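The values are calculated or read from the model by the stated rules, or taken from the named source; none is laboratory data. Keep in mind it's a predicted model, so treat the numbers as computed, not measured. Note that we place each Cβ from the backbone using ideal geometry, even for glycine, and neighbour counts take in every protein chain shown. The area values use the complete protein model at the heavy-atom level, side chains included, leaving out ligands, DNA and RNA. Shrake-Rupley method; radii C 1.70, N 1.55, O 1.52, S 1.80 Å.
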Amino acid sequence: MVGAGGSGKSTWAAEHYRAQEVVSSDALRAVVGSGEGDLDASADAFAVLEQIITARLRRGLTVVVDTLGLDPAQRSRHLALGRAAGLPCVAVLFDTPPAVCRERNAQRDRPVPAAALGRQLAQAAAARDQLEGEAWDWVAVIEPEVGDPAGTPTPTTATQTRDDSRPLDVVLQIGRFPWREDPAGWLRSIALAADEAGFSGLALMDHLIQIPQVDRAWEPIPEPWVTLGLVAGLDTDLRLGTLVSPVTFRQPGIIAKTVATLDVLSGGRAFLGLGAGWWEREHLAFGIEFPPVAERLDQLELCIETVRALWAKGTKAHTGSRVSLPETTAYPRPVGQPEIIVGGSGERRTLRIAAQLADACNLPSELGVLDHKMDVLRRHCLEVGRDPDEVAITVLDLPVVGTDRDDTWRRVERLRGRTAAASFAERHHAGDAAHHRDRYRALADRGVRTVFLAVGDLDTAEDIARLAPVLDLA
C-alpha cells in the first residue's frame with residue numbers, strides 16, 4: 001500500500017483482509033518497542049517486517065504490506081520478492097485529499113509532525129507516476145469519498161460484462177455422507193435445504209468405495225440410484241442423477257431401466273451422468289472386470305446407444321452401429337428424454353464421444369483448462385456434423401466457500417491435509433460467496449450451462465445456508 005499518514009491504509013486493509021495477512025510497521029513497533037509511536041524501534045520493526053514478508057511469500061501466502069510505501073527502493077525490493085514467489089503483485093495507492101490526511105493526523109494521540117506529513121504528501125503525489133513505471137500487475141487507486149475512510153478501489157483494467165440472458169443452473173453434488181445414526185433423515189434434510197436454497201438439482205457420486213480425494217475408504221458411499229429414489233419421494237423440484245456412473249458397473253440395459261424408473265417416479269427430473277470409470281481398486285474389490293481404457297470407452301459408446309434405443313418409442317428391434325437388440329420392450333418409458341452427460345476430458349476419444357452421442361459434457365471448472373477443452377469439443381462437433389450448441393457444457397466445481405475471509409481460511413486449514421495452504425486455496429478457489437458468484441458469472445459468459453458444486457465440508461443442512469448466497473447470480 002502507498003499513501004501518506006492518515007490516508008486510510010490500515011482501515012482499508014482491516015476491512016478487506018484477514019489480520020494475519022496484513023503486516024504493519026506500526027503494529028510491529030508496538031511488538032518490539034513500547035508502542036506504535038515508538039520511532040526508536042523502527043529499525044527492529046522493519047527487520048521483523050521483512051522477515052514476515054519473506055516467510056509468507058515463500059509459502060505462497062497473501063501479504064498486505066502496511067507501511068507508507070513511499071520509498072521506491074523498498075517497493076522495488078518487495079516487488080522482486082513477489083515476482084520470485086510467482087504471486088500477483090498489486091500496488092494500492094491512496095489518493096486521499098491532503099486536508100483529510102491532516103485532519104486525521106491531528107486526531108491521533110501522537111500526530112506525525114506537520115513538516116514530515118507535508119513531505120509524505122508530496123511523495124504520495126509523485127508516487128502515482130512512479131508506480132505506473134514499476135511493472136506492477138495492477139495499480140489500484142483508492143479515492144475515499146466524504147465519510148468513507150477506507151475508500152473503494154478504482155480499477156485501471158477493463159471488466160468483462162455478462163450476458164444475463166444466459167441461464168446458469170447450479171446442482172449440488174454430494175460425495176460425502178456424514179449421516180451418523182440417521183442416514184435417511186440426513187439425506188432428506190440436505191435435499192430439502194438444497195431445494196429451498198435454490199439449487200436446481202442434486203447429483204451423487206457413483207463409487208463402490210469412498211475415493212481418497214473425498215474421505216477415508218471406510219466412510220459410507222451409498223448406491224446412488226437407490227439413494228436418489230428416496231429423494232424422488234420428497235416434495236422438491238430438484239433434478240436428480242449421478243455425476244458420473246461408470247459404464248463398467250452395470251449392464252447398459254439395467255442403466256436404462258434404472259434411470260427411466262427414477263424419471264417416472266420424480267415426474268421427469270432424472271438425468272444420467274456416464275463415464276468410462278477410472279479406479280481399478282473398487283472394481284477388483286467387487287469382482288468387476290476393469291478392461292483397458294480403450295475397451296471402457298467402447299463400452300461408453302455402446303451404453304449410450306443402448307440406453308437411447310430402450311428409451312425410444314415402440315418395441316421394435318434395434319440395429320445400430322454398436323449394438324443390436326431383438327426388441328426394445330422397456331417400460332416404464334421415461335417421462336421425457338433424461339439428459340445424458342458424458343464426464344471426462346480426454347481429448348481424442350472422450351470428447352469425441354460427447355460430441356457424437358451426448359446431450360452434455362462435464363469438464364473441469366478452471367478457466368484456462370475449460371477454454372481449451374471447449375475448443376476441442378467444438379472441433380469434434382464440427383467434424384461429426386453436429387452443432388456445438390447441441391452439447392451443453394457443464395463443469396464440476398470443488399470450491400472452498402466461507403462466510404468471510406477469516407472463515408474461508410479456517411476452512412482451508414481444516415480441509416487441506418498435507419497440501420500447502422496457498423496451493424490448496426488456489427486449487428479450490430477459496431473465497432466467500434461474492435467471489436464464487438463472480439466466478440460463476442465468468443463461467444456463464446463462456447457458455448457453461450450447469451455447475452455441479454461439491455464442497456468438502458457439507459456436514460449438515462446448516463451448511464446449505466452458507467452456500468445459498470452463491471446462487472444469487474442475478
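If only residues of the range 87-104 that are aliphatic (A, V, I, L, M) and assigned to a strand (DSSP E or B) are counted, the one that is most open to solvent (accessible area, probe 1.4 Å) is Val90. Here is a list: Val226, Val231, Val264. Which entry is free of Cβ contacts under 8 Å to residues at least 12 places away in the same chain and not aromatic (Phe, Trp, Tyr)? Being free of Cβ contacts under 8 Å to residues at least 12 places away in the same chain and not aromatic (Phe, Trp, Tyr) holds for just one of Val226, Val231, Val264, which is Val226. The C-beta contact set for the range 168-184 (first residue in contact (Cβ under 8 Å) with a residue 60 or more places away in the chain and closer than 14 Å to Leu243 by Cα, second residue of a type in the set (Ser, Thr, Tyr) and not in a strand (DSSP E or B), distance under 7 angstrom, 6+ apart or interchain) comprises Val170/Ser200; Val171/Ser200. Scanning the range 458-474 for residues that are in contact (Cβ under 8 Å) with a residue 40 or more places away in the chain and surrounded by 15 or more Cβ atoms within 10 Å (Cβ to Cβ) yields Leu458, Ala461, Ile464, Arg466, Leu467, Ala468, Val470, Leu471, Leu473. Screening Gly151 against (1) at pLDDT below 90; (2) more than 29 Å from Trp409 (Cβ to Cβ); (3) open to solvent by less than 30 Å² (accessible area, probe 1.4 Å) leaves a single unmet condition, (2). The set of residues in the range 341-386 being under 21 Å from Ser321 (Cβ atoms), open to solvent by 50 Å² or more (accessible area, probe 1.4 Å) and either within 23 Å of the chain's Cα centre (by Cα) or polar (S, T, N, Q) (or both) consists of Gln356 alone.
For the range 426-456, a residue qualifies if it is touching a Ser or Thr at 6+ places or on another chain (Cβ under 6 Å) and touching a residue at least 40 places away in the same chain (Cβ under 8 Å), and exactly one does: Thr450. Apart from one condition, Glu413 fits all of (1) in contact with a Ser or Thr (Cβ under 6 Å, 6 or more places away or on another chain); (2) loosely packed, with under 14 Cβ neighbours inside 10 Å; the exception is (1). When each of Val48, Val63, Val23, Val32 is tested for being in contact with an Asp or Glu (Cβ under 9 Å, 6 or more places away or on another chain) and without any contact (Cβ under 8 Å) to a residue 24 or more places away in the chain, the lone residue that passes is Val32.
Only residues that are closer than 20 Å to Asp375 by Cβ and touching a helix residue (DSSP H, G or I) at 6+ places or on another chain (Cβ under 8 Å) were counted in the range 322-345, giving 3. The listed residues are Thr460, Thr419, and the only one of them that is over 23 Å from Leu204 (Cα atoms) and of a type in the set (S, T, N, Q) turns out to be Thr419. The criterion of at least 3 residues that are of a type in the set (Gly, Ala, Ser) and open to solvent by 50 Å² or more (accessible area, probe 1.4 Å) is met, among helices (runs of 4 or more DSSP H) falling completely within the range 1-86, by 72-85.
Need the failing condition index for Val455 against (1) in a loop (DSSP other than H, G, I, E, B); (2) surrounded by fewer than 17 Cβ atoms within 10 Å (Cβ to Cβ), just the number. The number of the failed condition is (2). For the range 109-124, a residue qualifies if it is open to solvent by 60 Å² or more (accessible area, probe 1.4 Å) and free of Cβ contacts under 8 Å to residues at least 24 places away in the same chain, and the qualifying residues are Pro111, Pro113, Ala114, Ala115, Arg119, Ala122. Can you pull out the residues in the range 29-59 that are within 21 Å of Pro113 (Cβ to Cβ) and touching a helix residue (DSSP H, G or I) at 6+ places or on another chain (Cβ under 8 Å)? If the condition is that a residue be within 21 Å of Pro113 (Cβ to Cβ) and touching a helix residue (DSSP H, G or I) at 6+ places or on another chain (Cβ under 8 Å), then Arg29, Gly33, Ser34, Gly35, Glu36, Gly37, Asp38, Leu39, Ala41, Ser42, Ala45, Phe46 are the ones that fit. For the range 387-407, state whether one or more residues are farther than 29 Å from Gly82 by Cβ, under 18 Å from the mean Cα position of the chain (by Cα) and surrounded by fewer than 14 Cβ atoms within 10 Å (Cβ to Cβ). Checking the range 387-407: not a single residue is farther than 29 Å from Gly82 by Cβ, under 18 Å from the mean Cα position of the chain (by Cα) and surrounded by fewer than 14 Cβ atoms within 10 Å (Cβ to Cβ).
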